[in-house]
Amino acid sequence: MSMQASNKRSESTTDPAAQLDVLGDECARMILVATSDGPKTAKELTKRTDSSSATVYRRINNLLESGLLSECVRFDDDGSHTTAYEATIETLQVQIQSDGIDVSMSTADD
């Protein structure tokens, strides 16, 4: 089965506190790891995380809102297509300074 991703979109709130809160959840981290090597469907992520589908969808929404995950359309060999999710980041850097915490992200394209 070959997979191609297109139509990436992401709604990002670049609030460092929100990003750190999302990353504090083990299921969310597992989703990021699973989607770092290509798009995965919610069903695939549910199996991979051994969580309920409701939990996975909540974490997907949190990751989408924080800009750590994007939504795309995945096309399979048989011509079918489905919504899939892919990590938007490769590196996340946290800097703690006297004026607060700064979170910066980089993608493979950077």
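One table, with the values for the structure above:
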item: All positions within the range 46-103 that are of a type in the set (D, E), over 13 Å from L32 (Cα atoms) and under 14 Å from the mean Cα position of the chain (by Cα); result: E65
item: Answer residue from the range 54-90, given it is assigned to a helix (DSSP H, G or I) and among the aliphatic types (A, V, I, L, M) and is farthest from A18 (Cα to Cα) among those; result: A54
item: Residue in the range 67-83 that is under 20 Å from T107 (Cβ atoms) and free of Cβ contacts under 8 Å to residues at least 12 places away in the same chain present; result: no
item: Test: D25 is modelled with pLDDT of 90 or more, among the charged types (D, E, K, R) and touching a helix residue (DSSP H, G or I) at 6+ places or on another chain (Cβ under 7 Å); result: yes
item: Sole residue being of a type in the set (A, V, I, L, M, F, W, C), under 21 Å from K40 (Cα atoms) and in contact with a Cys (Cβ under 8 Å, 6 or more places away or on another chain), chosen from V56, V73; result: V56
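The values are calculated or read from the model by the stated rules, or taken from the named source; none is laboratory data. Note that the structure is predicted; figures quoted are calculated from it, not measured. With ideal geometry, Cβ positions are generated from the backbone for all residues, glycine too; neighbour counts draw on all protein chains shown.
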